[in-house]
1. Name every residue in region 226-254 that is farther than 17 Å from I214 by Cα and surrounded by fewer than 24 Cβ atoms within 10 Å (Cβ to Cβ), in order of residue number.
2. Taking the criterion of being of a type in the set (S, T, Y) and either farther than 13 Å from T91 by Cβ or not assigned by TED's automatic domain parsing to the domain that holds A99 (or both), would at least one residue in region 125-135 satisfy it?
3. Across region 230-242, what is the number of residues that are outside any loop (DSSP other than H, G, I, E, B) and at positive phi?
4. Out of (1) in contact with an Asp or Glu (Cβ under 8 Å, 6 or more places away or on another chain); (2) within 16 Å of the ligand (Cβ to nearest atom), what's the single condition that is false for A144?
5. Only residues that are part of a helix (DSSP H, G or I), among the hydrophobic types (A, V, I, L, M, F, W, C), under 24 Å from D254 (Cα atoms) and within 12 Å of the ligand (Cβ to nearest atom): list them for region 156-215, please.
6. Return a yes/no flag: does region 383-395 have any residue that is in contact (Cβ under 8 Å) with a residue 60 or more places away in the chain, β-branched (V, I, T) and part of a helix (DSSP H, G or I).
7. Go through (1) in contact (Cβ under 8 Å) with a residue 60 or more places away in the chain; (2) within 20 Å of G143 (Cα to Cα); (3) within 16 Å of the ligand (Cβ to nearest atom) one by one and return the number of the condition I114 breaks.
8. What number of residues within region 180-190 are out of contact with any helix residue (DSSP H, G or I) (no Cβ under 6 Å at 6 or more places or on another chain) and either of a type in the set (D, E) or touching a residue at least 60 places away in the same chain (Cβ under 8 Å) (or both)?
Amino acid sequence: MNNYHHHTLPVNDAGYYGRFGGAYIPEILHHNVEMLTEAYYRYIDDPQFNQQFNDLMRDYVGRPSPLYRAGRLSELYNTNIYLKREDLNHTGAHKINNAIGSVLLAMRMGKKRIIAETGAGQHGVATATVCALMGLECVVYMGATDVARQQPNVERMKMLGATVIPVESGNMTLKDATNEAIRDWCCNPDSFYVIGSTVGPHPYPEMVARFQSIISEEIKSQLKSHIGRENPDYVIACVGGGSNAAGAFYHFIDNPDVKLVAAEAAGLGVDTDKTAATIQAGTEGIIHGARTLVMQTPDGQIIEPYSISAGLDYPGIGPLHAYLASTGRTKVLPVTDDEALRAAFRLTRIEGIIPALESAHALGALDKMDFKPDDIVVVNLSGRGDKDMHTYMAYKDKY
Ligand SMILES: Cc1ncc(COP(=O)(O)O)c(C=O)c1O
């Protein structure tokens, strides 16, 4: 096995996190994935690559994103709650971190056409944005259900010059869009596939986690300057495929004093058939090129997931998170639609911040935990709620 670099993640060179991960791909993609792996390890520690990445993070995305001590929220829970404001990034979510890293890599590889899948539309918007910036062609696959419920993001992608292709198979959400994006990549090996989360075959989960790791890198230095210590007691993040959580956890994974909490979308409840809580409801299987936990029937048919949040509505989970949950390193808390909505309206009213529905699941987890008055709790606010106004308006009289 090649010993490419020192791993910060619990992953081996074949892309396994314990028994999860790997690269289960059709023959036709082998060459593509090999070229990508080779380019990723060639550039990820390259000073010029990192200089360009860091310059764009600062001047284009607006990083570092603030670490804000939410005073009234802290008072409510009688503890110290800090919000990592990924919602303030250009394009409104953490997705831009990975889109920039991945597109810079695509350019190093000489690629001119970029493919992406999207659920909530945030990854699609981020990718379309970076393609506009770099003058590259961009094709985004999006389930027809999500096209309908995330309309503002569809219009943004089109205005940015991307081609948005609605996908009509399955329940017409993220899984189906990912299938189509992989199909496109098979037919167009000269294109570069920018995956929006820590899913897919190796090296994607590792690569996306690495580009998102800037989140925990900043949390450490920001906490240090706020309170004189680098490590919080808790880091809480929502998990769809797992990229914002991977980024928020990354530099704390090795430190057992920092408790890591992953909030999954329970939908109408983990015991109902309307859920997307894959770690709770899933069993081991293979989806989109990785061995991980999958919501499936005993004979391996995918069970259609459900969540009010388009970004969490996925029947798989990144292999890193399957592994961290299996070893007990993360605590996994399912949060229902109702609990997430309640948390979103509350944050809006007491802090003046409208969170994305996805991020609202991380906030919903606060009610399921017990804190001490001197605990330091970081919640990763992965995105802003502008794209979800349509859904919030439908519930405004209930909460
Ligand atoms: C704001 C926001 N948060 C979280 C997610 C979930 O993705 P991940 O688990 O990869 O962070 C999405 C996905 O679309 C999103 O838009």
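The values are calculated or read from the model by the stated rules, or taken from the named source; none is laboratory data. Everything numeric in this text was worked out from a predicted model, so none of it was measured. In this analysis, Cβ positions are derived from the backbone assuming ideal geometry, glycine residues included, and neighbour counts consider all displayed protein chains.
1. Of everything in region 226-254, those that are farther than 17 Å from I214 by Cα and surrounded by fewer than 24 Cβ atoms within 10 Å (Cβ to Cβ) turn out to be H226, I227, G228, R229, D233, Y234.
2. Quick first cut of region 125-135, residues of a type in the set (S, T, Y) only: 127, 129.
Filter once more, so that each one left must be either farther than 13 Å from T91 by Cβ or not assigned by TED's automatic domain parsing to the domain that holds A99 (or both): none.
Within region 125-135 (the criterion being of a type in the set (S, T, Y) and either farther than 13 Å from T91 by Cβ or not assigned by TED's automatic domain parsing to the domain that holds A99 (or both)), the answer is no, since none of the residues qualifies.
3. Pass one, region 230-242, residues outside any loop (DSSP other than H, G, I, E, B): 234-238.
Filter once more, so that each one left must be at positive phi: none.
Here the count works out to 0.
4. Failed condition: (2).
5. Our first condition is that a residue be part of a helix (DSSP H, G or I); within region 156-215, this holds for 156-159, 174-187, 204-212, 214-215.
Applying the additional criterion that residues be among the hydrophobic types (A, V, I, L, M, F, W, C) yields 157, 159, 174, 177, 181-182, 185-187, 207-209, 211, 214-215.
Still in the list and also under 24 Å from D254 (Cα atoms): 207-209, 211, 214-215.
Scanning region 156-215 gives V208, A209, F211, I215.
6. yes
7. Going through (1) in contact (Cβ under 8 Å) with a residue 60 or more places away in the chain; (2) within 20 Å of G143 (Cα to Cα); (3) within 16 Å of the ligand (Cβ to nearest atom) one by one, I114 breaks only (3).
8. The initial filter retains those residues of region 180-190 that are out of contact with any helix residue (DSSP H, G or I) (no Cβ under 6 Å at 6 or more places or on another chain), namely 180-185, 187-188, 190.
Right, trim to either of a type in the set (D, E) or touching a residue at least 60 places away in the same chain (Cβ under 8 Å) (or both) and you get 180-182, 184-185, 188, 190.
Here the count works out to 7.
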